[in-house]
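The structure appears right after this line, and notes come after that.
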Amino acid sequence: MSDDPLLRTFRADRGDARGRLDRVLMRHLADRPEVTRSQVQAWIEGGRVRVNGGVPSKPASRLALADEVEVVLPPPPLRRQPQAQEMPLSVLYEDEHLLALEKPPGLVVHPAPGHREGTLINALLWRAREWGEGQRPGLVSRLDRDTSGVLMVTKTPAAHAALARALKHRNAEKEYLAVAYGKAPTDRGRIELKIDRDPADLRRRIASKTEGRDSVTLYELLGDSGGLSLLRCRLLTGRTHQIRVHLQAHGLPIVGDPLYGEPRWKGIGDSGLAAACRDFPRQALHAWRLAFFHPATGERLEIVAPVPDDLAGLLAAAGLEPGLRG
């Protein structure tokens, strides 16, 4: 590995083998979200990428296991430090190590172009002014802007590292509620499909049996009515858009999902329920429950976020009120 921060080198692993060079590079540059696939392709064609010391001729060149890849990167864009901003937060749990929040739909988590203010990070920096020395907010995972529910914040590096390990090694339970079109083929199931970037749209992910990162979602059917299913989904891995992608690939697109959903409300016979699905303003996905062992005390914690009003209204319209308000 080079000491030059603008020279990235890596050896192709099993997940890279037989993959297109441009797609593999996108995977290894996930820490540079501003990089696009068209840029990567231009770098390859311009000779900024080498494979085993040679210059590949095409972005579609295939890699072999253990191939050594080098890419010369442009400097990352300068980023403004987020500013503390006073905003209301709904707290589900707090101690000197952890903070559990109930994230509402529509709240952006991280500052980004177009969302420099009014994000969860801005609000956390304001709240952290009252914390002790050495404490700073850290997110172990994130939720999409229009996904509601439990969001864990750590206050110390030690808590962050311990909770991240627990999530990575499946020593925590992350459960979501999803309202999807259609009916699950079984009351309980396991969706095991790889997830990769969509080369045609970098905002999206695609499910595949062969390409991408291993991903596993367990689901349980809590009820179905009027052409909709209420599913409890448990993540065994934590990929971007995992539940949304897996359910869509399983023929169960989430109601209101702007990236992976389908306008299947047109096939719902009940006009009131069809209108509720048509007008639902976001993906009907809620991070309902997180259970884990406290990184400092070892105590088992269970954090539950009540079902928000908009999702409760959709469930009521479908006759799927499950008594899961927490």
*Residue check: is Arg282 among the basic types (Lys, Arg), in contact with a Gly (Cβ under 6 Å, 6 or more places away or on another chain) and either at negative phi or not in a helix (DSSP H, G or I) (or both)?*
yes
*With the condition kept exactly as written, say whether any residue in the range 195-216 is assigned to a loop (DSSP other than H, G, I, E, B), among the basic types (Lys, Arg) and surrounded by fewer than 21 Cβ atoms within 10 Å (Cβ to Cβ).*
yes
_For the range 27-52, give me each residue that is at pLDDT below 90 and hydrophobic (A, V, I, L, M, F, W, C)._
Leu29, Ala30, Val35
*Counting just the residues of the range 181-194 that are surrounded by 13 or more Cβ atoms within 10 Å (Cβ to Cβ) and of a type in the set (D, E, K, R), which one comes out nearest to the chain's Cα centre (by Cα)?*
Lys194
*List the pairs whose first member sits in the range 43-67 and is more than 17 Å from Arg8 (Cα to Cα), whose second member is aliphatic (A, V, I, L, M) and assigned to a loop (DSSP other than H, G, I, E, B), and whose Cβ atoms are under 7 Å apart, counting only residues at least 6 apart or on separate chains?*
Ala64/Ala12; Ala64/Ala17; Leu65/Ala12; Leu65/Ala17
*For Pro75, are the conditions met, namely being more than 20 Å from Glu211 (Cα to Cα), at pLDDT 90 or above and either more than 23 Å from the chain's Cα centre (by Cα) or assigned to a loop (DSSP other than H, G, I, E, B) (or both)?*
no
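Conditions tested, residue by residue: (1) at pLDDT below 90; (2) in a helix (DSSP H, G or I); (3) buried (at least 18 other Cβ atoms within 10 Å of the Cβ).
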residue: Leu124; (1), (2), (3): no, yes, yes
residue: Arg127; (1), (2), (3): no, yes, yes
residue: Gly132; (1), (2), (3): yes, no, no
residue: Arg136; (1), (2), (3): no, no, no
residue: Gly149; (1), (2), (3): no, no, yes
residue: Val153; (1), (2), (3): no, no, yes
residue: Ala161; (1), (2), (3): no, yes, no
residue: Ala166; (1), (2), (3): yes, yes, no
residue: Val179; (1), (2), (3): no, no, yes
*Set Leu107, Leu99: member being surrounded by 13 or more Cβ atoms within 10 Å (Cβ to Cβ) and farther than 24 Å from Ala284 by Cβ*: Leu99
*From the list Ala158, Ala180, Ala166, which residue is in contact with a helix residue (DSSP H, G or I) (Cβ under 7 Å, 6 or more places away or on another chain) and either touching a residue at least 12 places away in the same chain (Cβ under 8 Å) or at negative phi (or both)?*
Ala180
*Looking at Ala207, Ala200, which one is among the aliphatic types (A, V, I, L, M) and more than 16 Å from Arg37 (Cα to Cα)?*
Ala207
*Which is free of Cβ contacts under 8 Å to residues at least 12 places away in the same chain, touching a helix residue (DSSP H, G or I) at 6+ places or on another chain (Cβ under 7 Å) and either within 20 Å of Ser215 (Cα to Cα) or surrounded by fewer than 19 Cβ atoms within 10 Å (Cβ to Cβ) (or both), of Glu299, Glu321?*
Glu321
*If you scan the range 40-96, which residues turn out to be closer than 26 Å to His115 by Cβ and among the acidic types (Asp, Glu)?*
Glu86, Glu94
*How many residues are out of contact with any helix residue (DSSP H, G or I) (no Cβ under 8 Å at 6 or more places or on another chain) and at pLDDT 95 or above when one looks only at the range 195-218?*
2
*Pairs, please: C-beta under 6 Å, at least 6 apart or cross-chain, first residue crowded, with 19+ Cβ neighbours inside 10 Å and in the range 9-27, second part of a strand (DSSP E or B)?*
Met26/Arg197
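Being hydrophobic (A, V, I, L, M, F, W, C), surrounded by fewer than 14 Cβ atoms within 10 Å (Cβ to Cβ) and on the phi < 0 side of the Ramachandran plot is true for just one of Leu65, Leu73, Leu89. Which residue is that? Let's see the steps before the verdict.
Working: Leu73 fails: surrounded by fewer than 14 Cβ atoms within 10 Å (Cβ to Cβ); Leu89 fails: surrounded by fewer than 14 Cβ atoms within 10 Å (Cβ to Cβ).
Unique residue meeting the criteria: Leu65.
Taking into account only those residues within the range 241-269 that are in a loop (DSSP other than H, G, I, E, B) and surrounded by fewer than 16 Cβ atoms within 10 Å (Cβ to Cβ), which is nearest to the chain's Cα centre (by Cα)? Full working, then the answer.
Taking the range 241-269 first, the residues in a loop (DSSP other than H, G, I, E, B) are 241, 250-253, 255-263, 268-269.
Then keep just the ones that are surrounded by fewer than 16 Cβ atoms within 10 Å (Cβ to Cβ); that gives 251, 258, 262-263, 269.
On the way: Gly251: 20, Pro258: 15, Glu262: 20, Pro263: 23, Gly269: 33 Å.
Residue satisfying both the conditions and the ranking: Pro258.
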*Among (1) farther than 30 Å from Ile206 by Cβ; (2) small (Gly, Ala, Ser); (3) at pLDDT 95 or above, where does Gly323 come up short?*
(3)
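The values are calculated or read from the model by the stated rules, or taken from the named source; none is laboratory data. Everything numeric here is computed off the predicted structure, so don't read it as measured data. Cβ: placed from backbone, ideal geometry, glycine included. Neighbour counts: every protein chain shown.
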